[in-house]
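Since the structure comes first, as structure tokens, the remarks are kept for the end.
The values are calculated or read from the model by the stated rules, or taken from the named source; none is laboratory data. All figures in this text were calculated on a predicted structure; none of them were measured in a lab. Backbone-built Cβ (ideal geometry, glycine too); neighbour counts: all protein chains shown.
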């Protein structure tokens, strides 16, 4: 395993400006996305009001069922003694969800180590599991390659209703049948049985999506001491009670400043990804098992199109006595994270950083500032077969990812092997037919206007048959050159599935099946520089 680094220009203007520290975007953040910002941020954290022993105890209790490694115990102790944290988070996807979830965890571990050395003080990595999220469609699927194409395996989730990832009790037999199908679609290797047993063993001991996800985090990162917490954990929620109360009290100010920030972003040529409304409450409430979004209507907080209503005093009472019924949205989740933890840096993907750009004012409303916001490390794994194909066609990762060279080569090959004479013959026949049918159309319409639809339909039948012939000709030509076309498809499916980076599509289990269960451990052993360059990992 070796690593190469190449800068890949981000797809969005905001992300490009942010990683390159351009002045236009700088005003929306408190710090530059650089390790040099850590020292100043660390000084600001000295006054953070976190109850370290209480939070450490909550983390300990949540992680204990999976077992606490020596490194995790040491990190809990360091946190209790005053260590700041580097934090990231993600929804509880099946088999961790896409690779970027693992990349996020790797990022906070690498960054925490680097920050510890730079600051000469312990910095602890933390993973915030968004178990409160009820959009189960986002986490109930897996991608695999089937017959030369990228296929999405959807796992039914409607039976869970609007339950969150932490409250939805898994239908294990149904999920197991889909996981069986998923594993059958992977090539049989010396690692397949071990990985199958790992996944099904952890599924059997899990009750919810979040349990399953947390057990995999533990499996991958226990030796690194990664701390993790479910945002929906009831003990955690009780600790957050006063913070929910503050969010309710300041709901109007928070909503107004976020909406204003998005308008400013739009004027500066960026995209407003939150779609903030001045009437937003930016909180959810769970009623009879359903997680409902709250909005403000005059002096009241309403949900379910006004069918459910709370006065501010009633909602404050909920926050005080039953805070487990409340949960955050994309605006208040970062605020809650900062209220709970002394965050040196937050590690996020492009989408997350885009919405953090609108939150500086909201942080100010509650007397806080944005932490240092660092883009997660972006990695692409290149297996041996793909590397051989890249070498064969003299392609680099950038040629595929940004230069679209494979598409160019496919088109060039297609042009070079086309049966042009036969295609031109078919095109000529079609033109003659269309000309002849124009005469037929005139003759028939002079007899009766009611005959013209029949003429048009008859013409379309002939054109359809000619198109069929042309497509069969093309299919046969492609078939005769199927090896080369297959190579092109294999390269793109591996490095650019569905037109995007593999880290947004495939589960780590695909690569563990090829490389082995030590994949994540070996990735962490690489000399990964925390910078804006994309990491190409040759397995």
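Regarding residue 352, is this residue under 24 Å from the mean Cα position of the chain (by Cα) and assigned by TED's automatic domain parsing to the domain that holds residue 11?
yes
Here is a list of conditions, (1) closer than 21 Å to residue 100 by Cβ; (2) in contact (Cβ under 8 Å) with a residue 60 or more places away in the chain; (3) surrounded by fewer than 15 Cβ atoms within 10 Å (Cβ to Cβ), and residue 161 meets all of them except one; can you say which number that is?
Failed condition: (1).
Can you find a residue that is outside any loop (DSSP other than H, G, I, E, B) and without any contact (Cβ under 8 Å) to a residue 40 or more places away in the chain anywhere in segment 216-235?
Yes, because at least one residue in segment 216-235 is outside any loop (DSSP other than H, G, I, E, B) and without any contact (Cβ under 8 Å) to a residue 40 or more places away in the chain.
Specify the residue that is surrounded by the fewest Cβ atoms within 10 Å (Cβ to Cβ); the eligible residues are those in segment 62-90 that are more than 28 Å from residue 37 (Cα to Cα) and in contact with a helix residue (DSSP H, G or I) (Cβ under 6 Å, 6 or more places away or on another chain).
Checking each candidate, the answer is 69.
Within segment 503-516, identify whether any single residue is in a loop (DSSP other than H, G, I, E, B) and more than 19 Å from the chain's Cα centre (by Cα), and answer yes or no.
yes
For segment 138-158, which positions are touching a residue at least 60 places away in the same chain (Cβ under 8 Å) and outside any loop (DSSP other than H, G, I, E, B)?
142, 143, 144, 145, 149, 150
Of the conditions (1) crowded, with 16+ Cβ neighbours inside 10 Å; (2) not assigned by TED's automatic domain parsing to the domain that holds residue 24, residue 358 satisfies every one except a single condition; which number is it?
Only one criterion in (1) crowded, with 16+ Cβ neighbours inside 10 Å; (2) not assigned by TED's automatic domain parsing to the domain that holds residue 24 is unmet by residue 358, namely (2).
Six or more apart or on different chains, Cβ under 8 Å: which pairs go from a residue in segment 506-528 that's at pLDDT below 95 to one that's surrounded by fewer than 16 Cβ atoms within 10 Å (Cβ to Cβ) and not in a loop (DSSP other than H, G, I, E, B)? Could you list them?
Pairs that qualify, where the first residue is at pLDDT below 95 and the partner is surrounded by fewer than 16 Cβ atoms within 10 Å (Cβ to Cβ) and not in a loop (DSSP other than H, G, I, E, B), are 527/3; 528/3.
Has segment 112-119 got any residue that is loosely packed, with under 15 Cβ neighbours inside 10 Å, more than 19 Å from the chain's Cα centre (by Cα), part of a helix (DSSP H, G or I) and modelled with pLDDT under 95?
No, segment 112-119 has no match at all.
In the list 317, 268, which residue meets the criterion of being surrounded by fewer than 18 Cβ atoms within 10 Å (Cβ to Cβ), over 24 Å from the mean Cα position of the chain (by Cα) and closer than 29 Å to residue 373 by Cα?
268
Within segment 301-324, identify whether any single residue is touching a strand residue (DSSP E or B) at 6+ places or on another chain (Cβ under 9 Å), at negative phi and at pLDDT below 95, and answer yes or no.
No: segment 301-324 contains no residue that is touching a strand residue (DSSP E or B) at 6+ places or on another chain (Cβ under 9 Å), at negative phi and at pLDDT below 95.
Restricting attention to segment 236-259, report how many residues are outside any helix (DSSP H, G or I) and either under 28 Å from the mean Cα position of the chain (by Cα) or under 12 Å from residue 328 (Cβ atoms) (or both).
1
Here is a yes/no grid of residues against (1) in contact with a helix residue (DSSP H, G or I) (Cβ under 9 Å, 6 or more places away or on another chain); (2) crowded, with 20+ Cβ neighbours inside 10 Å; (3) more than 23 Å from residue 355 (Cβ to Cβ):
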residue	(1), (2), (3)
205	yes, no, yes
221	yes, yes, yes
234	yes, no, yes
239	yes, no, yes
247	yes, yes, no
256	yes, no, no
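Would you mind finding the one in 492, 456, 484 that is more than 25 Å from residue 400 (Cα to Cα) and assigned to a helix (DSSP H, G or I)?
456
Looking only at segment 394-425, which residues are in contact with a helix residue (DSSP H, G or I) (Cβ under 7 Å, 6 or more places away or on another chain) and either closer than 19 Å to residue 148 by Cα or buried (at least 16 other Cβ atoms within 10 Å of the Cβ) (or both)?
Matches in segment 394-425: 395, 397, 399, 400, 401, 405, 406, 409, 410, 413.
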